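> Have a look at the structure that comes next, please.
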Amino acid sequence: MRAPIAKILTSCLVALTLASLLTRCADTNEASAQKNPNASSTEIAGFPFSHDPARVLAQGPQACAECHPGIYEDWQQSHHAKANRPISAKLDKAAFTPARRIVESGVTYELAFENERFELRVLDAHSQLNKVYELTGVIGYSPLKQYLAPLPDGRLQTISATYDVLQDRWVDVFEGEDRLPGEWGHWTGQGMNWNANCAYCHTTEYKKNFNFESNAYASTWTQQGIACAECHSGLEAHLLSARNGASASKIIRPIALEPQQITDNCATCHSRRDQLTEDAFEVGDHYENHFGLSLPDQAGLYFADGQIRDEVFVHGSFSMSRMGHAGVTCLDCHNPHSNALILPAENNLLCMRCHESGLDNAPIIVPTEHSFHAANSTGNRCVECHMPKRTYMQVDPRADHGFLHPDPRLTQELGIPNTCNRCHEEESVDWAIEWSEKWYGKKLTDHRQRARARAIHAANAFQPEALNALFELLDSEDVPAWTATYTGLLAHYLPEQRTAARLRLLLKHESPLVRERAIRALGSLPHEEIRLLEGLSDPMLNVRISAARTLETNNKPIPEGDAKAQWQAYLDFNADRPQSLMIQAYEAARKQDNVSTKKFLARAVEMDQANGAVYHQAAIILSTAGDPLSAEQYLKRGWKKDPDNPQFPYSLGLLAAESGKLELAVGYLEETVSSAPEFYRAWYNLSLAYGQLNRPKDAARAMQKARGQAHDH
């Protein structure tokens with residue numbers, strides 16, 4: 001049966017002195033290093049195991065182990081315990097000996113251990129040493145390990161050369177992609193920065209501590225890896241009462257959690273999300289008061305039926321599942337300390353724990369009758385069909401937690417994978433359709449999953465017929481995460497009045513996921529300011545942030561108060577991301593603060609130098625700020641980065657026309673339509689420019705082109 005995670009701590013702790021803890025830690029560090037690499041006694045300069053050793057000794061795993069040795073042993077074996085650690089000769093030397101080489105994006109790297117240093121060496125075309133980075137830390141344990149290189153200003157970067165533990169080889173996690181210096185995703189870029197992107201979920205009580213003015217990090221953590229304090233609240237009082245000799249009945253217990261609080265706590269890391277607050281989540285908090293969850297209304301993350309596609313980290317899928325909606329939590333299947341399954345899944349024991357007895361109203365299932373496969377076959381394993389694995393980072397297969405069913409018809413129609421053909425590779429999709437629909441009939445053909453996938457696929461393609469399908473799904477949906485997905489997709493169908501009316505109703509939905517998407521969608525309509533202002537008072541922060549963002553992007557003032565302060569805190573916390581800086585630049589431009597505008601834009605471009613879109617967005621903001629000269633400079637820089645993008649000559653043409661330089665404008669616009677003849681807006685603007693230069697025949701020809709291209713589109 002389900003039990004709150006905090007109830008596991010039930011035994012009495014004996015009194016321990018700080019001195020005895022220090023002695024015990026020193027004696028056991030090397031002995032336990034293989035079980036728990038975080039226990040290594042080796043201290044890496046600038047990358048300590050802890051910034052607060054006294055706190056670790058006072059309430060860390062070693063302190064809890066005195067009364068909870070079994071739990072401590074489980075935790076030592078877990079991926080949580082091994083999530084992050086200083087690099088170690090004992091544990092890592094084999095991966096670097098002998099020196100290995102790998103080619104990434106045309107660059108040869110050598111990974112070597114020499115003079116007690118782990119090094120990433122950049123080699124030139126002649127295999128001569130060009131640059132050396134020392135490696136100081138490790139993320140992960142199995143099936144892969146990522147290594148960390150310190151860069152200036154407190155930055156730690158995850159190198160993209162990753163060690164495949166099971167195959168004893170190095171792989172490029174972005175194989176097939178060219179990630180070059182200056183790009184967001186290059187291993188030296190902000191997209192691979194450990195402080196901003198990894199550390200929160202790989203350390204205990206992490207504080208990012210980014211300073212925008214100095215462009216530097218002073219990050220701290222109580223402990224590398226995920227330890228007791230990350231999942232339990234009230235440990236200080238619990239340990240103190242135990243050490244003071246309180247009887248078992250009078251020991252102060254850690255704060256007990258409700259099932260939803262347990263799920264929210266796990267979700268803080270096991271989800272694809274936007275972090276809304278500065279490392280402020282505490283055990284027992286609402287997830288939506290600190291994070292904005294990504295769902296299938298954001299293109300590219302999920303397949304249209306809800307199967308995982310990009311790295312989405314479990315919680316989004318689980319929140320959309322019938323099991324998650326029924327109240328099942330992570331602890332119904334996973335030991336919270338070892339992270340292992342509480343029963344084996346290979347023989348269906350884990351699934352049948354509920355589906356054989358009807359526990360918590362689970363439907364009773366006889367596996368062989370349900371699967372139409374023999375008892376000991378792969379096809380009779382529940383997880384093979386309902387939790388298919390998808391491989392990320394080249395070597396890391398992860399199970400889908402949406403608990404969907406395979407539907408080969410959706411493979412045929414929409415290109416969505418199905419587990420029948422994943423297993424029966426030699427058979428056709430038509431074969432899989434025939435058997436699946438013969439076996440399951442209307443349970444499959446009339447299932448909501450099929451209707452949902454078709455509607456979401458059509459909505460992402462902006463097809464008109466999807467609107468009625470979304471309305472029908474909304475009328476009967478009881479899973480809030482799916483309701484939120486449909487709500488987000490309704491934004492494609494504004495300003496249609498029926499859509500707007502439905503979105504206004506959804507603003508009152510009990511789920512903050514739904515309210516957040518409704519308010520974001522309505523922001524694109526005029527005369528909705530009153531509803532956005534009401535959203536600033538919503539009880540959940542994700543909705544308040546969405547309302548503030550929508551007001552900001554629509555050039556509407558955010559009233560002074562808590563919501564405005566929270567919005568500014570969100571922007572400041574994310575000032576190491578280009579999107580946040582662009583918002584701050586736009587706000588500064590509206591205030592005619594050109595100094596701040598340029599400062600924010602310069603930093604945003606610095607983070608993603610190879611991305612032409614960043615330059616284009618910067619130019620738009622500078623033009624809004626009344627600085628056409630700087631806007632022109634950004635457009636020209638962006639055009640060099642992305643010479644085939646017609647938006648750059650087009651925008652330069654508009655900028656020149658606004659400045660009265662019509663001949664120059666015509667030149668840019670002619671270049672635009674030459675490279676992109678289907679760009680009807682460019683033809684239209686070119687026609688206007690010709691007209692102003694008294695070239696009526698050219699103007700008429702260009703207008704005819706504009707109308708023809710617009711009609712085709």
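> Report, by residue number, each residue of segment 363-389 that is more than 17 Å from His334 (Cβ to Cβ) and in a loop (DSSP other than H, G, I, E, B). I'd like the intermediate steps shown before the answer.
The first filter runs over segment 363-389 and keeps only residues more than 17 Å from His334 (Cβ to Cβ), leaving 363-381, 384-385, 388.
Of everything in segment 363-389, those that are more than 17 Å from His334 (Cβ to Cβ) and in a loop (DSSP other than H, G, I, E, B) turn out to be Pro363, Ile364, Ile365, Val366, Phe372, His373, Ala374, Ala375, Asn376, Ser377, Arg381, Pro388.
> Filter segment 450-465 down to the residues that are under 24 Å from the mean Cα position of the chain (by Cα) and not charged (D, E, K, R) and list them by number. Show your work before the answer.
Keep residues of segment 450-465 that are under 24 Å from the mean Cα position of the chain (by Cα), which gives 452-453, 456-457, 459-461.
The answer is Ala453, Ile456, His457, Ala459, Asn460, Ala461.
> Only one of (1) closer than 21 Å to Gln307 by Cβ; (2) charged (D, E, K, R); (3) in contact (Cβ under 8 Å) with a residue 40 or more places away in the chain fails for Asp446. Which number is that?
Of the numbered conditions (1) closer than 21 Å to Gln307 by Cβ; (2) charged (D, E, K, R); (3) in contact (Cβ under 8 Å) with a residue 40 or more places away in the chain, the odd one out for Asp446 is (3).
> Let me ask something additional. Give segment 596-613 a look and list any residue that's over 22 Å from Gln647 (Cα atoms) and either at pLDDT below 95 or aromatic (Phe, Trp, Tyr) (or both), or say none.
Result: Phe600, single match.
> Considering only residues of segment 655-685 that are of a type outside the set (Gly, Ala, Ser) and more than 42 Å from the chain's Cα centre (by Cα), which is surrounded by the fewest Cβ atoms within 10 Å (Cβ to Cβ)?
Glu663
> Counting only residues that are of a type in the set (Val, Ile, Thr) and crowded, with 18+ Cβ neighbours inside 10 Å, how many does segment 235-254 have?
1
> Conditions: (1) within 25 Å of Tyr200 (Cα to Cα); (2) within 29 Å of the chain's Cα centre (by Cα); (3) surrounded by 19 or more Cβ atoms within 10 Å (Cβ to Cβ). Val165 meets all but one. Number of the miss?
The one condition Val165 does not meet is (3).
> Here is a check on your reading of the model: is Gln692 modelled with pLDDT of 95 or more and out of contact with any helix residue (DSSP H, G or I) (no Cβ under 7 Å at 6 or more places or on another chain)? So that I can check it myself, show each step before the final result.
Numbers: modelled with pLDDT of 95 or more: yes; out of contact with any helix residue (DSSP H, G or I) (no Cβ under 7 Å at 6 or more places or on another chain): no.
Here the answer is no, as Gln692 does not meet what is asked.
> Can I ask one more? In segment 609-645, which residue that is over 31 Å from the mean Cα position of the chain (by Cα) and not small (Gly, Ala, Ser) is surrounded by the fewest Cβ atoms within 10 Å (Cβ to Cβ)? Spell out the reasoning first.
Narrowing segment 609-645 to residues over 31 Å from the mean Cα position of the chain (by Cα): 623-633, 636.
Filter again for not small (Gly, Ala, Ser), leaving 624, 627-629, 632-633, 636.
On the way: Thr624: 15, Asp627: 19, Pro628: 15, Leu629: 9, Glu632: 18, Gln633: 15, Lys636: 13.
In this case the residue turns out to be Leu629.
> Hey, could you check segment 121-151 for residues that are small (Gly, Ala, Ser) and surrounded by fewer than 17 Cβ atoms within 10 Å (Cβ to Cβ) and say which is nearest to the chain's Cα centre (by Cα)? Don't jump to the end; show me each part of the working.
We begin by selecting, within segment 121-151, every residue small (Gly, Ala, Ser); these are 125, 127, 137, 140, 142, 149.
This time we only want the ones that are surrounded by fewer than 17 Cβ atoms within 10 Å (Cβ to Cβ), so: 125, 127, 142.
Values: Ala125: 36, Ser127: 37, Ser142: 21 Å.
Per the criteria, the residue is Ser142.
> For His232, are the conditions met, namely being assigned to a loop (DSSP other than H, G, I, E, B), in contact with an Asp or Glu (Cβ under 8 Å, 6 or more places away or on another chain), surrounded by 19 or more Cβ atoms within 10 Å (Cβ to Cβ) and not hydrophobic (A, V, I, L, M, F, W, C)?
Against the criterion (assigned to a loop (DSSP other than H, G, I, E, B), in contact with an Asp or Glu (Cβ under 8 Å, 6 or more places away or on another chain), surrounded by 19 or more Cβ atoms within 10 Å (Cβ to Cβ) and not hydrophobic (A, V, I, L, M, F, W, C)), His232 does not qualify.
> Another question, if that's okay. Can you tell me which residues in segment 392-427 are polar (S, T, N, Q) and either in contact (Cβ under 8 Å) with a residue 60 or more places away in the chain or touching an Asp or Glu at 6+ places or on another chain (Cβ under 9 Å) (or both)?
Initial filter on segment 392-427 (polar (S, T, N, Q)): 394, 411-412, 418-419, 421.
Selection gives Gln394, Gln412, Asn418, Thr419, Asn421.
> Can you work out which of the residues in segment 197-229 that are assigned to a helix (DSSP H, G or I) and of a type in the set (A, V, I, L, M, F, W, C) is surrounded by the fewest Cβ atoms within 10 Å (Cβ to Cβ)? Talk me through it step by step, then tell me what you get.
So in segment 197-229, the residues assigned to a helix (DSSP H, G or I) come out as 197, 199-201, 228-229.
Subsequent filtering for residues that are of a type in the set (A, V, I, L, M, F, W, C) retains 199, 201, 228-229.
On the way: Ala199: 24, Cys201: 18, Cys228: 25, Ala229: 20.
The selected residue is Cys201.
> Any residue at all in segment 110-130 that's closer than 23 Å to Ala81 by Cβ and out of contact with any helix residue (DSSP H, G or I) (no Cβ under 7 Å at 6 or more places or on another chain)?
The first filter runs over segment 110-130 and keeps only residues closer than 23 Å to Ala81 by Cβ, leaving 118.
Right, trim to out of contact with any helix residue (DSSP H, G or I) (no Cβ under 7 Å at 6 or more places or on another chain) and you get none.
So far as segment 110-130 goes, no, none of its residues is closer than 23 Å to Ala81 by Cβ and out of contact with any helix residue (DSSP H, G or I) (no Cβ under 7 Å at 6 or more places or on another chain).
> When segment 59-114 is examined, which residues are found to be closer than 30 Å to Cys228 by Cα and in a loop (DSSP other than H, G, I, E, B)?
Gly60, Glu66, Cys67, His68, Ser78, His79, His80, Ala81, Lys82, Ala83, Ile87, Ser88
> Which ranges mark the strands (runs of 3 or more DSSP E) fully within segment 146-196 that have 2 or more residues being of a type in the set (S, T, N, Q)?
Working: elements: 155-158, 161-164, 169-172.
Answer list for segment 146-196: 155-158.
The values are calculated or read from the model by the stated rules, or taken from the named source; none is laboratory data. What you see is a predicted model, and the numbers here were worked out from it, not measured in a lab. Methodologically, a virtual Cβ is constructed for each residue, glycine included, from the backbone with ideal geometry; neighbour enumeration extends over all protein chains shown.
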